[in-house]
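Asks: Sharing a structure with you now.
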Amino acid sequence: MDLSKALRMIARRWYVAVCVLVICAAATFSLVSAAAVVYSSEATIILLPPTLKQVTDVKVDTQTNPFLETGIAQTANALASASNSDRVADQLKAAGLDKVTFEVRSFDQSTILLMKVESPSKEGATRAVAIVVDAVQSIASSLQVDASAPQNQLVTAQVLAPPPAAPVESLAAKTKIAMGMAVASVLIVLCATLLFDRVAVHHAERRRRQGMFLDRLALESLEPEQELSGDETQSKLPPPVPADKSRGTTLVGDLVDESSVDCGAKADGETSEKSVRRTAGGSQSLRAKAGR
């Protein structure tokens, strides 16, 4: 299914999408509200090379600092890798900060290290960031000493930006939950809308087939009455009217007798009228002769 079909399907079943979105929004609010509060604190350390006076005081035949040969930026990367180890985690556990998480991060071609700690309490975050800063400075010195670097050529780690006095509440965990629920909500809306659309289409098709089946049954029940044979048609006609035996004639004979009687009456009337006219004419002629 492409994007256009999915959008048309959601627009057609918009009420399902709205209901699912409301449910997902309520679930997201519940999860974000139930998420544990986390406080974070940050500090920044910068690595500084030895001063020019310290370098010039070194004799030519003495050993040099290998970290200076590789560069301060590479030293920062090595220090970040060494700090993200069990050594710092053990120090935090020894201080009773078991639930504290930390990260020491270096930047590309930079001599700056960023340290970030997260704790469920403000006091724990403040104590943890101080412990991590001290641990990073100690690791920076121990790495160079283990590499037999002269004391006058050591790279120093100094605090560039101290941690804030009051740790701030971290919204990273809640943001991750909200983003994850947003993606899940979109997928749930698509799946729920697709499932509802398939069920609705299947139900409509099933009702259409049932209607066609009932119409076919109705037509099949009407076909025997419409396709009757000749004998059946004659049997369906009304029976003839029986003859009236008391009068000895049928109804048709009665109609013929009545029509003949009417014709006879009309003929008798015309004959009597003609005879009256003749009589009147004869009397008038006799009167004319007597007057003469």
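The values are calculated or read from the model by the stated rules, or taken from the named source; none is laboratory data. This one's a predicted model, so the numbers in the text were calculated from it and none came from an experiment. In this analysis, Cβ positions are derived from the backbone assuming ideal geometry, glycine residues included, and neighbour counts consider all displayed protein chains.
Asks: Could you list, in sequence order, all residues of the stretch 120-138 that are in contact with a Ser or Thr (Cβ under 8 Å, 6 or more places away or on another chain) and either of a type in the set (Gly, Ala, Ser) or crowded, with 20+ Cβ neighbours inside 10 Å (or both)?
Replies: Result: 125, 128, 129, 132, 135, 136.
Asks: Cβ-Cβ distance below 7 Å, separation of 6 or more or different chains: which pairs start in the stretch 154-177 with a residue that is farther than 30 Å from residue 74 by Cβ and end on one that is surrounded by 13 or more Cβ atoms within 10 Å (Cβ to Cβ) and of a type in the set (Lys, Arg)?
Replies: Here the result reads 166/122; 167/122, each pair linking the stretch 154-177 to a residue that is surrounded by 13 or more Cβ atoms within 10 Å (Cβ to Cβ) and of a type in the set (Lys, Arg).
Asks: Six or more apart or on different chains, Cβ atoms under 8 Å: show the pairs whose first residue is in the stretch 197-214 and at positive phi and whose second is assigned to a helix (DSSP H, G or I) and surrounded by 10 or more Cβ atoms within 10 Å (Cβ to Cβ).
Replies: none
Asks: Take residue 63 and decide whether it is modelled with pLDDT of 90 or more and of a type in the set (S, T, N, Q).
Replies: Details: modelled with pLDDT of 90 or more: no; of a type in the set (S, T, N, Q): yes.
Answer is no for this residue.
Asks: Answer yes if at least one residue in the stretch 124-147 is in a loop (DSSP other than H, G, I, E, B) and out of contact with any Phe, Trp or Tyr (no Cβ under 6 Å at 6 or more places or on another chain), and no otherwise. Before you say what the answer is, go through the steps one by one.
Replies: The initial filter retains those residues of the stretch 124-147 that are in a loop (DSSP other than H, G, I, E, B), namely 147.
Cutting the leftovers down to out of contact with any Phe, Trp or Tyr (no Cβ under 6 Å at 6 or more places or on another chain) gives us 147.
Scanning the stretch 124-147, I find at least one residue that is in a loop (DSSP other than H, G, I, E, B) and out of contact with any Phe, Trp or Tyr (no Cβ under 6 Å at 6 or more places or on another chain), so the answer is yes.
Asks: Taking residue 153 as meeting all but one of (1) at pLDDT 90 or above; (2) in the same structural domain as residue 67 (by TED's automatic domain parsing), write down the number of the exception.
Replies: Here residue 153 clears every test but (1).
Asks: Now, a different point. In this structure, is residue 70 modelled with pLDDT of 85 or more and either among the aromatic types (Phe, Trp, Tyr) or assigned by TED's automatic domain parsing to the domain that holds residue 126 (or both)?
Replies: Numbers: modelled with pLDDT of 85 or more: no; either among the aromatic types (Phe, Trp, Tyr) or assigned by TED's automatic domain parsing to the domain that holds residue 126 (or both): yes.
Answer is no for this residue.
Asks: What's the number of the only condition in (1) loosely packed, with under 13 Cβ neighbours inside 10 Å; (2) farther than 28 Å from residue 170 by Cβ that residue 85 fails to meet?
Replies: Checking residue 85 against (1) loosely packed, with under 13 Cβ neighbours inside 10 Å; (2) farther than 28 Å from residue 170 by Cβ, the one that fails is (2).
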